[in-house]
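Colleague: I have a structure I would like to understand better, so I am pasting it below and will then ask my questions one at a time.
The values are calculated or read from the model by the stated rules, or taken from the named source; none is laboratory data. As the structure is a computational prediction, the values presented were derived from the model and not from experiment. Note: ideal-geometry Cβ built from the backbone for every residue, glycine included; neighbour counts use all protein chains shown.
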Amino acid sequence: MKDHSGAAHIDYAMITKTLAALAEGETDEIALMATFICEVHHADDRFDWTGFYRVAEPERLKIGPYQGGHGCLVIPFDHGVCGAAARTGEVQLVDDVDAFPGHIACASSTRSEIVLPVWRKDGSLLGVLDIDSDQPAAFTSDDVVGLGALLTQVFAK
């Protein structure tokens, strides 16, 4: 699917089927994260950095599988957009990262960001899905719904 600029946007119906087939029978969370990130990152031209930050210690996220340039290795729950998503359990949809208090600039090219909490089947927080774009206001409520459904399909079923 393309927008008015000709940029490809994620086809959530197609990627739902693809991820279901690729993840069938797999229970290892790191393998699932790596597969998820590969499929999602390459499905949308808006996505410059796509990755997981895992809850590895209390109140601390550590980088997981990702695609794009280097990411921050550790993010405390009280820092940045990823920390806010982990701390509150709520999606963070940031149209302008420079306007987000405490934004952590892992890449100077990032203009907007979406971060979704990732829940396990038992309701515990696995981590967060972080997607950065070099375009301002790149993400919409459709992305919140579509990405949320994909995360539930892969990690909470």
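Colleague: Can you find a residue in segment 140-152 that is over 11 Å from the mean Cα position of the chain (by Cα), buried (at least 17 other Cβ atoms within 10 Å of the Cβ) and modelled with pLDDT under 95?
Modeller: Within segment 140-152, not a single residue is over 11 Å from the mean Cα position of the chain (by Cα), buried (at least 17 other Cβ atoms within 10 Å of the Cβ) and modelled with pLDDT under 95.
Colleague: Kindly indicate whether residue 98 is outside any loop (DSSP other than H, G, I, E, B) and over 27 Å from residue 31 (Cβ atoms).
Modeller: yes
Colleague: Another one. What about residue 110, is it in contact with a strand residue (DSSP E or B) (Cβ under 8 Å, 6 or more places away or on another chain), over 20 Å from residue 155 (Cβ atoms) and of a type in the set (Ser, Thr, Tyr)?
Modeller: Yes: the conditions hold for residue 110.
Colleague: Every residue in segment 18-36 that is surrounded by 11 or more Cβ atoms within 10 Å (Cβ to Cβ) and of a type outside the set (Gly, Ala, Ser), please.
Modeller: 18, 19, 22, 26, 29, 30, 32, 33, 35, 36
Yes or no, residue by residue, for (1) touching a Leu at 6+ places or on another chain (Cβ under 9 Å); (2) aliphatic (A, V, I, L, M); (3) closer than 17 Å to residue 48 by Cβ:
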position: 81; (1), (2), (3): no, yes, yes
position: 85; (1), (2), (3): yes, yes, no
position: 109; (1), (2), (3): no, no, yes
position: 119; (1), (2), (3): yes, no, no
position: 122; (1), (2), (3): no, no, no
position: 127; (1), (2), (3): yes, no, no
position: 133; (1), (2), (3): no, no, yes
position: 138; (1), (2), (3): no, yes, yes
position: 150; (1), (2), (3): yes, yes, no
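Colleague: Where residues in segment 47-59 are assigned to a strand (DSSP E or B) and surrounded by fewer than 17 Cβ atoms within 10 Å (Cβ to Cβ), which of them is farthest from the chain's Cα centre (by Cα)?
Modeller: This residue is 57.
Colleague: Turning to a different aspect of this structure: Among (1) in contact with a Ser or Thr (Cβ under 7 Å, 6 or more places away or on another chain); (2) more than 21 Å from residue 54 (Cβ to Cβ), which single condition is residue 143 missing?
Modeller: Of everything listed in (1) in contact with a Ser or Thr (Cβ under 7 Å, 6 or more places away or on another chain); (2) more than 21 Å from residue 54 (Cβ to Cβ), residue 143 misses just condition (1).
Colleague: Can you find, within segment 87-112, the residue that is nearest to residue 70 (Cα to Cα) among those that are modelled with pLDDT of 95 or more and among the charged types (D, E, K, R)?
Modeller: 87
Colleague: Given the condition part of a loop (DSSP other than H, G, I, E, B), of a type in the set (S, T, N, Q) and surrounded by 16 or more Cβ atoms within 10 Å (Cβ to Cβ), answer yes or no: does some residue in segment 109-118 qualify?
Modeller: Checking segment 109-118: at least one residue is part of a loop (DSSP other than H, G, I, E, B), of a type in the set (S, T, N, Q) and surrounded by 16 or more Cβ atoms within 10 Å (Cβ to Cβ).
Colleague: Yes or no: residue 31 under 22 Å from residue 121 (Cα atoms), at pLDDT 95 or above, outside any loop (DSSP other than H, G, I, E, B) and in contact with a helix residue (DSSP H, G or I) (Cβ under 8 Å, 6 or more places away or on another chain)?
Modeller: So residue 31 does not fit the description; no.
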